[in-house]
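Novice: Dropping a structure here in C-alpha cells format, bear with me for questions.
The values are calculated or read from the model by the stated rules, or taken from the named source; none is laboratory data. Just so we're clear, the structure is a prediction, and the values are computed from it rather than from any experiment. When we count neighbours, we look across all protein chains shown, and the Cβ atoms used for this are built from the backbone with ideal geometry, even at glycine. When the accessible area is computed, the model is the full protein with side chains, heavy atoms only, and any ligands, DNA or RNA have been set aside. Shrake-Rupley method; radii C 1.70, N 1.55, O 1.52, S 1.80 Å.
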Amino acid sequence: MPKVRGNPKPVALDKSVPRSKCRKWELRVSVGRDLATGKYPPMTRRFNGTLSEANQAMRDFIAEIEMGAVKRRAGMDLGCYSSAWIMECKEKYAYNTWTKYENQLKCINRLIGKATLDEIDAYLLESVYARLLAGETPSGKPASGTYVRDIAATLHLMFKSAVKDKHMPNNPCDYAEAPGRDTKERKTIRYGAIVKLLDKLDPRDPVQFALRAMIKNGIRREEAVALDVIDADFAHTIIHIRHGSDALGKKETKTPAGERDLPMTESFRNDLRVRIAQIEEDFREIREDIGMPYPVLTDDTPLVCNKLGERLKPDAPTHWWRANRERLGYPDITPHDLRHSYLSELARRKVEPKVLQKIAGHADYRTTMGIYVHVDLEDMQEALEVVDW
C-alpha cells in the first residue's frame, strides 16, 4: 500500500486573506515516484472549510490513501514487453524497419523501461517527449521534433498490440500530444555544382560509383548498392532497378513502384565500364595473391563491392560522404539530397510529372508533385528578382 511522504499541510488557495481566514484549500500529498521525472508528484483534492476542518480533511485524505485507496497494479514492464514485440516485428517487417523500431525503443527504455504497462499514461509519455527534446538522449543532444514524433508513432504501434494482448486497457498515445515535425526543407544543388561534384568522384571506387549512380539516375542509395553486373544491360542501354538493400543484403525495392527500368545514358555507361574494369582488376590481384581461381566476375557480382566481391552495406556511401563532403565543398548536403537534386533538375527542365514519378520510383504521385512545387517556387523567386522595384 502507498505511503505518504513527509508531513503535508493543506495549501491555502485564497492568498488575499490570512491563512486562518482562508476557506479554500488544496489537499496535496506525494504518493509515489513519477517514472518520467524521478520526482514525487502530488495527489490532490480540493476542500472548502475552515483551517481546522482542512487539517482534519488532510488527515482523512492521508488515511484513505494509506489504507489502500491508491494502489499500483503489477504488470509487465515496458522493457520486457518491447523486447517481445521486437521479436514479433522481426517476423513481420524488413530489417531496416524493425531495427529502426528497436533503436527507438532503446531510447525510450533508458528513461521509462522499468515502468509497467499499466503505469504508462499520456502524462508520462508527454514528459518523456519533453525530456528527449531537452537532450536526454543516448548522444546527449536534443532530439528533433520529427524524431520524437517518429518514436511516438512506433510507441502507438506497439501499444496497439499491447491493448490487443490485453496488457493495457487503452492506447495512451491516443491521448498524448507528440511534438510537431520540424524537418528542414531538403537542400539541393544545381547543375553547375553537380557537374563540379561529379568531376571529384572516381567511378573506380565502389562508394563513389554508388554516389555517381544516384546523381546520374536519381536512384536511392539502397538501390545503387543493390546493383549487380547483370542489371547493366548494355545491349538495350537499360539499367534494371530490381532490388533495394539493407545490412543483410539484397531485398525487394522500397515499394513496387521502385522496380523499374531506366535508360542508360552514355555518361553512366562509361561509369559502368570503368567500375566493371576495376572489379576485374581487383579480382585478378586477389587471385594472384592467394593462388586460387576465384573470385571471378559473374552476372551476380555486386557493382558496389569490396575487393573480394562482397556487397557493401547501404550505409557505406553515407559514411564516406560524411567523412569527405566538407573537403568536396558540400558540407550541408546529404546523399539523399543528391538524388533529390537530380530529380529537381529534371523538374526544372519541365520533365512531365508522370515521367518524373516513373524515373524516381515514387509510389505516391504527391511525392513527385512536392518536388515540382519546390522547383516552381525557386523559379518564381528568380523571375521576380528580374524586376525588383
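Novice: Equivalent ellipsoid semi-axes for the chain, as square roots of 5 times the alpha carbon gyration tensor eigenvalues: give them largest first, rounded to whole Å.
Specialist: Equivalent ellipsoid semi-axes, largest first: 59, 27, 18 Å.
Novice: Further question: What list of ³J(HN,Hα) couplings, whole Hz, do you get for the range 220-233 from phi and the Karplus terms 6.51, -1.76, 1.60, once you set θ to phi - 60° and write x for glycine and proline?
Specialist: Per-residue couplings from phi come out as 6, 4, 5, 6, 5, 5, 7, 5, 10, 4, 5, 6, 8, 8 Hz.
Novice: On to the next question. Using only the alpha-carbon atoms, how far is helix 335-348 inclined from the longest principal axis of the chain? Give it as 0 to 90 degrees, nearest 10.
Specialist: The angle comes out at about 70 degrees.
Novice: Taking Rh as the Kirkwood radius computed over C-alpha pairs, what is the Stokes-Einstein D of the range 317-358 at 37 °C in a medium of viscosity 0.692 mPa s, expressed in µm² per second?
Specialist: My calculation gives 284 µm²/s for D.
Novice: In whole percent, how big is the carbon plus sulfur part of the accessible area of the chain, probe 1.4 Å, protein atoms only?
Specialist: Result for the chain: 52 percent of the exposed heavy-atom area is carbon or sulfur.
Novice: Turning to a different aspect of this structure: For the range 111-236, report the accessible area per residue in Å² (1.4 Å probe, heavy atoms, rounded to an integer).
Specialist: That works out to 48 Å² for each residue.
Novice: Limiting things to C-alpha atoms, what are the Rg and the maximum Cα-Cα separation (Dmax) for the range 310-389, in angstroms?
Specialist: 16.1, 60
Novice: Hey, which of these cross-link pairs are over 26 Å Cα-Cα: Lys196/Lys250; Lys141/Lys187; Lys250/Lys358; Lys114/Lys254; Lys251/Lys358?
Specialist: Table pairs above 26 Å Cα-Cα are Lys196/Lys250; Lys114/Lys254.
Novice: Then there's this: For His374, what is the net charge nearby, where nearby means another residue's Cβ is under 11 Å from its Cβ and Lys, Arg count +1, Asp, Glu -1?
Specialist: Here the count lands on -1.
Novice: Can I ask one more? Given the range 237-349, what whole percent of its Cα pairs are spread farther than 24 Å?
Specialist: Tail fraction, whole percent: 40.
Novice: Let me ask you something else. Please list the three semi-axes, largest first and in whole Å, of the ellipsoid equivalent to the range 100-212, using sqrt of 5 times the eigenvalues of its alpha carbon gyration tensor.
Specialist: The three semi-axes for the range 100-212 are 40, 16, 13 Å.
Novice: Roughly how many whole Å is it from the C-alpha centroid of the range 264-315 to that of the range 125-181?
Specialist: When both Cα centres are located, 44 Å separates them.
Novice: In Å², and per residue, what accessible area does the range 254-379 have when probed at 1.4 Å with the other protein chains present?
Specialist: With all protein chains present, the range 254-379 gives 54 Å² per residue.
Novice: Run lengths n ≥ 4 of DSSP H only: what is the helix-derived mean residue ellipticity at 222 nm for the chain, with -39500 (n - 2.57) per run over all residues, to the nearest 500?
Specialist: Using -39500 (n - 2.57) per qualifying helix, the result is -15500 deg cm²/dmol.
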